[in-house]
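Chemist: Pasting a structure here, questions to come.
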Amino acid sequence: MDKEESFFLVLYIILEMWEDLIQKAKEGGLDVIETYVFWNVHEPSQGNYNFEGRYDLVKFIKTIQKAGLYAHLRIGPYVCAEWNFGGFPVWLKYVPGISFRTDNEPFKKEMQRFTEKIVGMMKSEHLFESQGGPIILSQ
């Protein structure tokens, strides 16, 4: 990777636009697509996940891979990005004893569970660079 240019693209745009936007980014000389993973979108209620349609994170990363680009996966869990509640799901504030963005066991437990879910999905599809995939950075 000899360029240091990236393009930030949120996967929650219209599914049918993914390939065209990613291709345009490539044609513009970019080589990395960054995307947030909004916890509140993918786990709208505790333990119930949504990865369908425009929220299909695996398909989005594979679309990046198909274009020959790299991916920067920004899991968070707090993403700010002018997004409601920083991307935290609303149900999280009702977890007993929770205190956000601190060294708090209930928060760390929920955060770890979600992060492991996302990382596990990417690993099972061999999407990390060490597995031959396009994800070169995850944070």
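Chemist: Given the options P77, H126, Y12, identify the residue whose Cα lies farthest towards the positive end of the charge dipole of the chain (+1 on Cβ of Lys, Arg; -1 on Cβ of Asp, Glu).
Modeler: P77
Chemist: Provide Rg over Rh for the range 58-120; use the alpha carbon set for both Rg and the Kirkwood Rh (inverse mean inverse pair distance).
Modeler: 1.07
Chemist: With 10 angstrom as the radius, rank D103, D31 by how many other C-beta atoms surround their C-beta, starting from the fewest.
Modeler: Arranged by neighbour count, lowest to highest, D103, D31 become D103, D31.
Chemist: Can you tell me the orientation of helix 18-27 relative to the chain, as the angle in degrees between its alpha-carbon axis and the longest Cα principal axis, to the nearest 10?
Modeler: 50 degrees
Chemist: Give a residue-ordered list of calculated ³J(HN,Hα) values for the range 84-99 (Karplus: 6.51 cos²θ - 1.76 cosθ + 1.60, θ = phi - 60°; whole Hz; x for Gly, Pro).
Modeler: Computed from phi, the couplings for the range 84-99 are 3, 6, x, x, 5, x, 4, 4, 4, 5, 9, 5, x, x, 6, 9 Hz.
Chemist: DSSP loop GluC sites (Glu not before Pro) in the range 27-133 with at most 15 other Cβ atoms within 10 Å of their Cβ, which ones? Kindly include the intermediate steps, with their values, before the conclusion.
Modeler: Numbers: sites: E27, E34, E52, E82, E110, E116, E125, E129; in loops: E52, E82, E125.
Sparse-neighbourhood loop GluC sites (Glu not before Pro): E52, E82.
Chemist: A further question on this structure: Under 14 Å from the Cβ of R113, count the other residues' Cβ atoms, weight Lys and Arg +1, Asp and Glu -1, and hand me the total.
Modeler: So the surrounding residues net to -1.
Chemist: Where is the GNM fluctuation largest for the chain (alpha-carbon springs, 10 angstrom cutoff): F51, F38, F128?
Modeler: Of F51, F38, F128, the most mobile in the Gaussian network model is F51.
Chemist: Next question, about the same structure. How do H42, H126 rank when sorted from fewest to most other Cβ atoms within 10 Å of their own Cβ? Could the numbers behind the result be given before it?
Modeler: Details: H42 20, H126 12.
Least crowded to most crowded, the residues run H126, H42.
Chemist: Under 5 Å between amide hydrogens, which residues at least 5 positions from I33 or on another chain qualify, with H placed 1.01 Å from N in the peptide plane?
Modeler: For I33, whose amide H was placed from the backbone, the distant partners under 5 Å are F7, Y70, A71, H72.
Chemist: A further question follows. Take the cross-link list K59/K117; K59/K93; K26/K59; K24/K62 and give me the ones stretching past 24 Å between alpha-carbons. It would help to have the intermediate numbers written out before the result.
Modeler: Working: K59/K117 16 Å; K59/K93 30 Å; K26/K59 18 Å; K24/K62 16 Å.
Flagged as over cut-off: K59/K93.
Any read-out appearing in this document is the output of simple, stated calculations on the displayed coordinates, not a laboratory observation. None of the values given here were measured: they were computed from a predicted structure. FYI the Cβ positions are ideal-geometry reconstructions off the backbone, even for glycines, and counts take in every protein chain you see.
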